[in-house]
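Shown next, in structure tokens, is the structure this report addresses.
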Amino acid sequence: MSVRVRAAKGSLWVGVGNVVGYAASFIRNMILARVLSKPDFGIAATFSVVLTLMEFTAKMGINQLVVQDKEGNEPGFIASAHLVQTCVAGISAMLIVAAAPILAQWFGISNHTRALMLLALVAVLRGLEHADVRRYERELRFAPATAVENIPQVIITLAAWPVAVWFGDFRAMLMLLLAKSALSCALSHLLAECPYRWAWHRERLSRILKFGWPLLATGFLIFGVMRGDQFLVAAFYTMSDLAAYAAAAALAFAPSFLFGSILSSILLPLLSRVQDDRALLRRRYAQTVALVTLVSAVISVGMIVGAEALMELAYGSKYTGSGIILAWLTAAVAFRNLRVAPAIAALARGDSQNQMISNCWRMVALAPMLVLAFRHEPIWVLACCGLLGEVFACWFSIVRLRRRDGVPAGITLGPAIWLLALVTAGGGLAWAGAHVSSMLGGLSLAAACALAAGIGTMALLPELRREAHAAWQGYRAKGWRGALAQLKGERAPARPSGAG
């Protein structure tokens, strides 16, 4: 089998795995949100926040180093990686146990300190996973690692409803997290080829730590970007408030995650091929921005207008009134999606720092969030700060791309202004009372507005107009096959002579 075929099969495994894993996680949260009370779902959300902050094994990037390092195939290197992984997991576990009383008091759940302490077992189990399944990725064999991550996800999602009904409170989430970690650990050992062992090798250990510490620091940065607002809500508001915020955040990020991973995998190779041709790079970058803007416009406008109906559809009537949180979070995610374009273009030009530094600017939003949380303002106001942070981050990413790689800022600013106008219009419509209609009416209006946003974006951006015109010409020549041929960049078949 050729490398190209193996790479294509590997990409398919990774893509399907990402979709299945995130879909399972989202469905599980929907089930728990519907079965558990809001305070209990809020306590369950704190488990995810604490693990994201204090579980260090994944942040160290040891699995990635096994794939990247020249000795990654050596059993001795795998054994050294196991030693570091276990030690890091032990540190995580001790910190979770030590910090649990403080965090429990800070979150206002002092009577559930032991539940937070039990999260240390999740960290330990993750640290005991066998790294051999990651070694397979060096040979473009992604199925084992995908299985280790996603089979447990599917199993605990299937078990979520009975477990939630059985326990009836936040303990359901704790049991599911422990079960997922135990199943992943067991599967990693079952699918491994070499025996599990530890080894002390000074040079290898030093190399692993040197590789991992910057990624650990980046992991804390990502926590601030992705979970910092939820941490503040947990610290300054009730568990019911956190439940609504966490549920809205999961819904807001769901389309972004699914489409973002697909777009990134497609667009990066296309831009990388022309990284040394400035004119062609700009042209393809303009097409990238147009495509990202189209996807973001359709998703964002639809979710903002239908926010209240979507929250009720996903989580039930107990989350009525939380649509405003989803609307503001979706507005922020719209610009996060747009930032994908300059980030991918920068990466294609060898600039791996663009996204990292722009995320630092995203952290600016945490300062006003902290002030507002301390004053106990409505939690949807915190989501407004998230929008401010994403706009800052997007602007910096665009400016850095212009200064470092010579890509004109205007290519992105025009679509960004249009996206801002669409988000504002959608927000205005929602504020004017679109949310007061029935759930079916809200969803229908959201679909209509999303379609209108898509048509308007295609009409406004010349790159999309050209693609639409070419597809139409292909369709006139030979139906849908001709339209698809044009979209793939092929010459559409000529219309048969005499055709009307």
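The values are calculated or read from the model by the stated rules, or taken from the named source; none is laboratory data. On a predicted model such as this, the values are computed, not experimentally measured, just so you know. In this analysis, Cβ positions are derived from the backbone assuming ideal geometry, glycine residues included, and neighbour counts consider all displayed protein chains. Heads up: the accessible areas ignore ligands, DNA and RNA and are worked out on the full protein's heavy atoms, side chains in. Shrake-Rupley method; radii C 1.70, N 1.55, O 1.52, S 1.80 Å.
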| field | Net lengthening on full extension, Ser272/Met363 (0.36 nm per residue, minus Cα-Cα) | value | 29.9 nm
| query | Working out 0.36 nm times the residue gap between Ile155 and His376, then minus their Cα-Cα distance, what length gain in nm do you get to one decimal? | reply | 75.6 nm
| request: Report, in debye and to the nearest 20, how large the dipole of the chain comes out about its Cα centre when Lys and Arg carry +1 and Asp and Glu carry -1 on their Cβ. | output: 1420
| Given labels modelled 7 Å from the Cα in the Cβ direction, how far is it in nm from Ala143 to Ala98? | 4.5
| Exposed-site-free run, longest, the chain (rule: GluC sites (Glu not before Pro); DSSP loop; at most 12 other C-beta within 10 Å) | 194-489
| remark: Along the dipole axis of segment 190-301 (charges at Cβ: +1 for Lys and Arg, -1 for Asp and Glu; origin at the Cα centre), the most positive-end residue among Val292, Leu271, Phe257 is Leu271
| request: For the chain, compute the number of Lys pairs whose alpha carbons are separated by less than 16 Å, excluding pairs fewer than 8 positions apart on the same chain. | output: 4
| task | Could you calculate the contour length gain from Leu221 to Glu74, that is, 0.36 nm times the residue separation minus the distance between their Cα atoms, to one decimal place in nm? | result | 49.7 nm
| task | Find the percent of Cα-Cα distances in segment 347-389 that exceed 18 Å, and round it to a whole number. | result | 39
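Quick one, can you get me the convex hull of the C-alpha atoms of segment 191-317 expressed as volume per residue in Å³?
Taking the convex hull of the Cα positions in segment 191-317, it is 240 Å³ per residue.
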| For the chain, what is the mean residue ellipticity at 222 nm derived from helices alone (per DSSP H run of n ≥ 4: -39500 (n - 2.57); sum divided by total residues; nearest 500 deg cm²/dmol)? | -27500 deg cm²/dmol
| request: State which helices in the chain qualify, where a helix is a whole DSSP H run, it must extend 20 Å or more along its own axis by its Cα atoms, and its mean Kyte-Doolittle hydropathy must be at least 1.6. | output: 113-127, 439-460
| How many nm separate the modelled label positions at Thr424 and Leu388, each set 7 Å beyond the Cα in the direction of the Cβ? | 1.8
| task | Would you work out what percent of the accessible area of the chain, with all protein chains in place, is carbon or sulfur (probe 1.4 Å)? | result | 67
| note | Scoring the chain by relative contact order with C-alpha pairs under 8 Å, at least six apart, yields a percentage of 16
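Which of the trypsin sites (Lys or Arg not before Pro) found in segment 375-468 are in a DSSP loop and have at most 11 neighbouring Cβ atoms, other than their own, within 10 Å?
When the trypsin sites (Lys or Arg not before Pro) of segment 375-468 are filtered for loop state and at most 11 Cβ neighbours within 10 Å, Arg375 remain.
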| segment 53-142: which trypsin sites (Lys or Arg not before Pro) are DSSP loop and have at most 11 other beta-carbon atoms within 10 angstrom? | Lys70
| task | Send over a whole-number figure in Å² for the accessible area per residue of the chain, probe 1.4 Å. | result | 46
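What shape does segment 170-223 have by the C-alpha gyration tensor, where a ≥ b ≥ c are the square roots of the eigenvalues, rounded means a/c under 1.5, and otherwise prolate means a/b greater than b/c and oblate the rest?
In terms of gyration-tensor shape, oblate.
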| task | Could you work out the equivalent-ellipsoid semi-axes for the chain, taking the square root of 5 times each eigenvalue of the Cα gyration tensor, largest first, in whole Å? | result | 38, 31, 22
| field | segment 277-324 - Rg and Dmax from Cα coordinates, angstrom | value | 17.5, 55
